[in-house]
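*Asks:* My structure is below; once you've seen it, I'll send some questions.
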Amino acid sequence: MLEPFTDSLSRPLIAPSILAADFANLGTDCQDAIKAGADLLHVDIMDGHFVPNLSMGPAICGACRRACPDTYLDVHLMVSDPQFFFKPFAQNGANAISFHIEVMKSEQHARELAQEVRELGCNPGIVINPPTDVATMLPVIEDFDLVLVMSVNPGFGGQAFIPEVLEKCRTIKPLLRPNQRLEIDGGINPTTALDAIDAGVDLLVAGSSVFGKPRSSWGDIIESLRGPKTTQIRSGT
Ligand code: DX5
Ligand code: ZN
């Protein structure tokens, strides 16, 4: 299985979001995305409370695990009470479990939940929404393997990229260790991906720009999301 938290990442990683897949053919879509060159899969969980939409539960994560036994599964919890869902997703094959800074009661709360995710054998991630001040997240980023900057307001796939969030990426990147990933999620296509990579992002989520396109083009799209071959990963300080 891919180890996304290596010190020496040689190229940006691409994580298609299964939210945009054909749920009637989910297993095949997951397998074909990996065959087309995707590095991992992103699994979007919505509770109808933190965001105004419902998506899927742990059983769907388990279905992805069965379809792709060796694929890294990156679970993004857009939920008001993330702790409640850690165990069910860990038991259903999640490798990373990310939750939002907006639902943390304190820095200590965020740190404790990161530790709980680790104790379940998963990599913890912390997520920030476009309107949230990046300063709220900075004190806790060292406790997480993954820092996820939302580039749309979460709840729906297919929205337009919000370029103002790139400033957050530029602030966060120099604070990360070489084995922490900076992830971006929402409105990523081959054009916005370039701006994100330039701002220091090294893990890109893409839903509609992969699964929303003809299957025969997925390989080329995934490759173009990584940017030009000459693109170097920006290292932190
Ligand atoms: C938004 C989700 C995203 C979404 C990305 O609530 O967190 O992962 O699926 O979809 P696109 O790439 O279509 O914006
Ligand atoms: Zn997501």
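Where a number appears in this text, it was derived from the coordinates with a stated rule and is not lab data. Owing to the predicted nature of the structure, the values given are computational and were not obtained by experimental measurement. Reconstructed Cβ throughout: ideal geometry from the backbone, glycine too, with neighbour counts over all protein chains shown.
*Asks:* Scan segment 146-157 and tell me whether some residue there is away from ligand 1 (no atom under 16 Å from the Cβ) and over 15 Å from Gly207 (Cα atoms).
*Replies:* For segment 146-157, residues away from ligand 1 (no atom under 16 Å from the Cβ) and over 15 Å from Gly207 (Cα atoms): absent.
*Asks:* Taking the condition surrounded by 15 or more Cβ atoms within 10 Å (Cβ to Cβ), of a type in the set (Asp, Glu) and away from ligand 2 (no atom under 13 Å from the Cβ), does Asp39 pass?
*Replies:* yes
*Asks:* Okay, next question. Name the pairs: first residue in segment 142-162 and in contact (Cβ under 8 Å) with a residue 60 or more places away in the chain and surrounded by fewer than 19 Cβ atoms within 10 Å (Cβ to Cβ), second residue hydrophobic (A, V, I, L, M, F, W, C) and part of a loop (DSSP other than H, G, I, E, B), Cβ to Cβ under 7 Å, at least 6 apart or on different chains?
*Replies:* Matching pairs, first to second residue: Gly155/Val51.
*Asks:* Select from segment 42-78 the residues that are within 15 Å of ligand 1 (Cβ to nearest atom), surrounded by fewer than 20 Cβ atoms within 10 Å (Cβ to Cβ) and outside any helix (DSSP H, G or I) and list them in ascending order.
*Replies:* Selection gives Asp47, Gly48, His49, Pro52, Asn53, Leu54, Met56.
Every residue, every condition in (1) among the hydrophobic types (A, V, I, L, M, F, W, C); (2) away from ligand 2 (no atom under 15 Å from the Cβ); (3) in contact with an Asp or Glu (Cβ under 6 Å, 6 or more places away or on another chain), yes or no:
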| residue | (1), (2), (3) |
| --- | --- |
| Ser10 | no, yes, no |
| Leu13 | yes, no, yes |
| Pro16 | no, no, no |
| Ala24 | yes, yes, no |
| Phe99 | yes, no, no |
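*Asks:* Among the candidates Leu175, Leu203, Leu166, which residue alone is within 16 Å of ligand 1 (Cβ to nearest atom), surrounded by fewer than 23 Cβ atoms within 10 Å (Cβ to Cβ) and not β-branched (Val, Ile, Thr)?
*Replies:* Leu166
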